[in-house]
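The values are calculated or read from the model by the stated rules, or taken from the named source; none is laboratory data. Computed from a predicted structure; not experimentally measured. Here the Cβ positions follow ideal geometry from the backbone for every residue, glycine too, while neighbour counts run over all protein chains shown.
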Amino acid sequence: MDSLPAHMRPDRSFQGLILALQRYWADYGCVILQPYDMEVGAGTFHPATTLRALGPRPWNAAYVQPSRRPKDGRYGENPNRLQHYYQFQVILKPSPPDIQDLYLKSLAAIGIDAAVHDIRFVEDDWESPTLGAWGLGWECWCDGMEVSQFTYFQQVAGVECSPVSGELTYGLERLAMYVQGVDRVYDLNFNGRDGDRRVTYGDVFLQAEQEYSRHNFEYADTAMLFEQFRMAEEACKKYLAAGWKEGGNSRQHLMALPAYDQCIKASHVFNLLDARGVISVTERQSYILRVRELAKACGDAWIHTEAGGAL
Amino acid sequence: MPDLLLELFSEEIPARMQAKAADDLRRMVTDKLVAEGLVYEGAKAFATPRRLALTVHGIPARQADLKEERRGPRVGGQDAAIQGFLKATGLTSIEEAKIQRDPKKGDFYVALIEKPGRATIDVLADILPVIIRTFPWPKSMRWGTRSAKPGSLNWVRPLHAITATFGLETEEPDVVKFSVDALEAGQTTFGHRFMAPASISVRRFEDYEAKLLDAKVVLDPERRKDAILTDAKQLAFAQGFELVEDQNLLDEVSGLVEWPVVLMGSFDAEFLSIPSEVIRATIRNNQKCFVVSNAKSGDETGKLASKFILVANIEASDGGKAIVAGNERVIRARLSDAKFFYETDLKTRLEDRLSKFEQIVFHEKLGTQAERIKRIERLAAELAPLVGADVGKARRAARLAKADLLTEVVGEFPEVQGLMGKYYALAQGEDASVAAACEEHYKPQGPNDRVPTDPVSVAVALADKIDTLVGFWAVDEKPTGSKDPYALRRAALGVIRLVAENELRLSVLRVAGSALGCLLEERTKEAIVDNQKLPSDLLAFFADRLKVQLREQGARHDLVDAVFALGGQDDLLLIIRRVEALGKFLDSEDGKNLLAGTKRASNILSIEERKDKRIYDGAPDPALYSLTEEKALAKAIDEVKGEASAAVAREDFAAAMSAMAKLRPPVDAFFDKVRVNDEDPKVRENRLKLLNEIRVATRAVADFSKIQD
């Protein structure tokens, strides 16, 4: 880290932090992917995690995923809640025996020294009702702040993980606020430059937070969204049904990925409807169940594909 | 005798599971040892975030040899029987068997089988892997490459090493040889994750515990707790503060560290404008830190200081500066959230939140929260005059009492529900009783919780609980066995305590009936059955809860049955008082004898009534009395009946019991001198009717037949 120019240092630059994590996990042998090109609520939804976690094939990947949580919008007024933020996601299948050490070394790579900071693994079981997924693991604390989620996937999309993957999710803004010593997310130095050349997180995202908060809570077109949910659900089912191919004594699926895109779509549309407050408590559960059914069907399709290990 | 050392070294075990896991490990290993005939001298188990450890000392080195005699076939019996016997006993020829003489049935063979005991270390090598594979973690998981194989090990988090040694204090112990999945038991463990991560070779418990301590691991959770508590108190005291002790938090943080280092941090004093319970909840729940108060305030949460105490897991090279600074930043952010929530909440009046309850379902058959609040409001207003509360205030309090559920602070910290309601009510200028009821209407939460006394709180607390009970009774969601998801037993006990401790007079049947009425008016008929029996079913449930409560207080719960059996008893306070008076009476000589006399009368009657296939009721004929004792008893019964009934009518149960006591001498004298089964059938009938009169008279206070001796 000391060899880096100042503007690239993870403790001075948001993008420097991202680049340092990417470099670290690239060195480990992960494929460094780019964000998935759809709206998702968390890095876990990226098919590189949800689907690749299923089946027997080894898979090591890392990527940044912009994540949208419409309900968390605060019109840019809250110092650390955002409706759009970045997660850095690492998935290692099967989970290597030294995964905790790998994680701790990644913290060292972004300047968190375990001799000075109190790093802790605090119980946090993870469950995603919409993905039909669960795992056991921890929140990773650094001096009392949650900086990552660490999960051993046991089940994803209703399918038992075999072998189990280890998933690491770094909350990038929080981590950056911590290493930069900043209390308000919008004050983060984005590009690591000073003076006129300095670009802050606020410069990049404050307007977006304000606009999208307005959209998410007040103006998002609910009639359109209800229709979109229905269409995505239908399309997902249609692609799933059309994708099956019976060959010899094995069933294969030829369209798991496009079907799963529609599942992601339905999930995000549901989150928007939820933020708009137009889904009642009882309906809420049934929407979650509908998305879960899609996710499970996609998981089942995926394990009948090549990368799902069927061939 | 030799000792066992067992350590299971893993990734971080959830704090809340550690104590039970240590206990389970000790229990499972020692139970198995005993089942294998290996009686040990002592055992102790420990847990840290990364290990479960067990020492069992004084285990015999071997199992005792087993000697067994097995009876075989008759001498000269069929060859097949003899071959079978040889096979079963492992003898090579029948000559090796003894012959047992038996002159009556004939001689037979006996085999002496000797089964040598196994070495304990071999027994351990068999039982330990089974225990590890079947360990009862509340949640367990698979991991790594092996997780793809069927039957792979499940553990709470990945298990990395097993240490298992067995041997005498004076000798180098042996490793218990076994493996679980790919893990071989050995004698290598590891120190503190950050401060001493190197491997350590251990031999037996004593050097194990000492070496761990050198490697910055305090094995014993009790020692970690003591250290944290002592250091935290001292640190607070040194700066003129007092630690606000919190046992649950202490238990939890001691399960998050192997090497506790206590540090103190501060936050901006401006946050002290937030209610102290909210500060404490924020710092405790989210950050697992302790709060401190200004010394000598004597009030646990009254005057918080702007300091907190954290427990780190390392001795940092900068003395903890970065750790304190980091925690301070997080706590500042958390408190500014809490302050923001609190201040946001203050901007909306409680009543303006209520319309949102129309969207929130309380129970699918019982409707929305808004409907429920309306019912509670109505019931509270109805109850108010009965409990001495102002109707307007009771109505207002019932209306507002649940509104804080919709506030930001309660959304974030559910445990301050009610309390925040009180703060917000006071802040918007509500009457003090109305505000108090927002908090107190949830009380009493359990047998040890305080019972509210302010009449407004009492009215709303009763209305809330009775609506809950009647509602779930109406949709047939009564508690069964150990299942009571809606805490209905607690609600019923709450009603009993509210009534008893405030000495309230209520007809359960009437109140339940009117609560049911509210429900029926509002809810559609198909969801709620108009059950005429509901109030009396509910009354029986109260009787049950009353019995349980009396039993827990060590009182006689059969007396509740004796009082309920009278019928028409639905005033809980009167029932409780009557039971108390009855209990006192039955403790006296007069009471015991009268009970015995009454039971005797009942027994005779039931025998004769069965024999004659008729009931001996109706007034006896005074003309048929011939003996003094008869006349005396008849006279006494007349007097006592009148006196006891009058006393009961005055609700003076002690006086009613004293009146009853007067029955005792004539009853005793009657049984002493009078023969019931007289030869003259008319006299006999009359005497049986007189016996019946005893039974009738005692029913003025209780049904004596339900009382156990």
Picked from segment A:148-159 (must be in contact (Cβ under 8 Å) with a residue 60 or more places away in the chain and closer than 21 Å to B:Gly151 by Cα), the residue nearest to the other protein chains (Cβ to nearest Cβ) is A:Phe153
Only one of (1) among the charged types (D, E, K, R); (2) surrounded by fewer than 23 Cβ atoms within 10 Å (Cβ to Cβ); (3) within 14 Å of chain B (Cβ to nearest Cβ) fails for A:Glu227. Which number is that? (3)
Quick one: which of B:Ala659, B:Ala619, B:Ala636, B:Ala649 is loosely packed, with under 13 Cβ neighbours inside 10 Å, within 30 Å of B:Ile576 (Cβ to Cβ) and of a type outside the set (Lys, Arg)? B:Ala649
Can you pull out the residues in segment A:120-147 that are more than 30 Å from A:Arg290 (Cβ to Cβ) and more than 7 Å from chain B (Cβ to nearest Cβ)? A:Cys140, A:Trp141, A:Glu146, A:Val147
A careful count of residues in segment A:123-143 that are buried (at least 20 other Cβ atoms within 10 Å of the Cβ) and without any contact (Cβ under 8 Å) to a residue 60 or more places away in the chain gives 10
With the structure loaded, tell me whether B:Ala436 is among the small types (Gly, Ala, Ser), buried (at least 16 other Cβ atoms within 10 Å of the Cβ) and within 21 Å of B:Val548 (Cα to Cα) or whether it fails that test. no
Are any residues in segment B:471-495 surrounded by fewer than 16 Cβ atoms within 10 Å (Cβ to Cβ) and β-branched (Val, Ile, Thr), and if so, which ones? B:Thr480
Does segment B:285-306 include one or more residues that are within 30 Å of B:Val217 (Cα to Cα), in contact (Cβ under 8 Å) with a residue 12 or more places away in the chain, within 14 Å of chain A (Cβ to nearest Cβ) and surrounded by fewer than 18 Cβ atoms within 10 Å (Cβ to Cβ)? yes
Can you run down the residue pairs with Cβ atoms below 6 Å, 6 or more apart or on separate chains, where the first is in segment B:660-686 and more than 23 Å from B:Lys611 (Cβ to Cβ) and the partner is surrounded by 12 or more Cβ atoms within 10 Å (Cβ to Cβ) and charged (D, E, K, R)? B:Ala661/B:Asp590; B:Arg664/B:Asp590; B:Ala669/B:Glu629; B:Lys673/B:Glu629
Select the helices (runs of 4 or more DSSP H) contained entirely in segment A:192-311, then report the ones holding at least 1 residues which are basic (Lys, Arg) and modelled with pLDDT under 95. A:281-302
Would you list the helices (runs of 4 or more DSSP H) that sit entirely within segment B:496-606 and hold 2 or more residues that are over 32 Å from the mean Cα position of the chain (by Cα), surrounded by fewer than 19 Cβ atoms within 10 Å (Cβ to Cβ) and aromatic (Phe, Trp, Tyr)? none
Among the numbered criteria (1) surrounded by 13 or more Cβ atoms within 10 Å (Cβ to Cβ); (2) out of contact with any helix residue (DSSP H, G or I) (no Cβ under 9 Å at 6 or more places or on another chain); (3) not charged (D, E, K, R); (4) not assigned by TED's automatic domain parsing to the domain that holds B:Phe205, which single criterion is violated by B:Gly106? (1)
Do the conditions hold for B:Ala21, that is, is it assigned to a helix (DSSP H, G or I) and more than 27 Å from B:Ala161 (Cα to Cα)? no
Count of residues meeting criterion [assigned to a helix (DSSP H, G or I) and more than 8 Å from chain B (Cβ to nearest Cβ)] in segment A:160-180: 8
Among the numbered criteria (1) touching a residue at least 24 places away in the same chain (Cβ under 8 Å); (2) at the interface with chain B (Cβ under 10 Å from one of its Cβ atoms); (3) of a type in the set (Val, Ile, Thr), which single criterion is violated by A:Val116? (1)
Answer yes or no as to whether B:Asp467 is crowded, with 23+ Cβ neighbours inside 10 Å, in contact (Cβ under 8 Å) with a residue 60 or more places away in the chain, part of a helix (DSSP H, G or I) and among the charged types (D, E, K, R). yes
Being within 29 Å of A:His253 (Cα to Cα), within 14 Å of another protein chain (Cβ to nearest Cβ) and surrounded by fewer than 19 Cβ atoms within 10 Å (Cβ to Cβ) is the requirement here; does A:Pro56 meet it? yes
With without any contact (Cβ under 8 Å) to a residue 60 or more places away in the chain and either outside the structural domain of B:Gln428 (by TED's automatic domain parsing) or not aliphatic (A, V, I, L, M) (or both) as the only criterion, which of B:Leu310, B:Leu335 stands out? B:Leu310
Just for segment B:640-666: of the residues that are out of contact with any helix residue (DSSP H, G or I) (no Cβ under 8 Å at 6 or more places or on another chain) and charged (D, E, K, R), which one is nearest to B:Leu595 (Cα to Cα)? B:Asp652
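Matching residues to (1) more than 18 Å from B:Glu11 (Cβ to Cβ); (2) buried (at least 24 other Cβ atoms within 10 Å of the Cβ); (3) modelled with pLDDT of 95 or more; (4) small (Gly, Ala, Ser):
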position: A:Met145; (1), (2), (3), (4): yes, no, no, no
position: A:Gly158; (1), (2), (3), (4): yes, no, no, yes
position: A:Pro163; (1), (2), (3), (4): no, no, yes, no
position: A:Gly166; (1), (2), (3), (4): no, yes, yes, yes
position: A:Arg174; (1), (2), (3), (4): yes, no, no, no
position: A:Arg184; (1), (2), (3), (4): yes, no, no, no
Looking at (1) more than 16 Å from the chain's Cα centre (by Cα); (2) crowded, with 18+ Cβ neighbours inside 10 Å, can you tell me which one A:Thr50 breaks? (1)
Being part of a strand (DSSP E or B) and polar (S, T, N, Q) is the filter; apply it to segment B:180-202 and report the residue that is surrounded by the fewest Cβ atoms within 10 Å (Cβ to Cβ). B:Ser199
B:Val176 vs. criteria under 19 Å from B:Leu33 (Cα atoms), surrounded by 14 or more Cβ atoms within 10 Å (Cβ to Cβ) and of a type in the set (Val, Ile, Thr): yes
Among residues of segment B:674-702, those that are more than 54 Å from the chain's Cα centre (by Cα) and in a helix (DSSP H, G or I), counted: 6
In segment B:57-66, residue surrounded by the fewest Cβ atoms within 10 Å (Cβ to Cβ) [restricted to those that are touching a Lys or Arg at 6+ places or on another chain (Cβ under 8 Å) and assigned to a strand (DSSP E or B)]: B:Leu66
Is there a residue in segment B:467-487 that is within 29 Å of B:Ala581 (Cβ to Cβ), at pLDDT 85 or above and charged (D, E, K, R)? no
Count of segment B:420-447 residues which are among the basic types (Lys, Arg) and either in a helix (DSSP H, G or I) or at pLDDT 95 or above (or both): 1
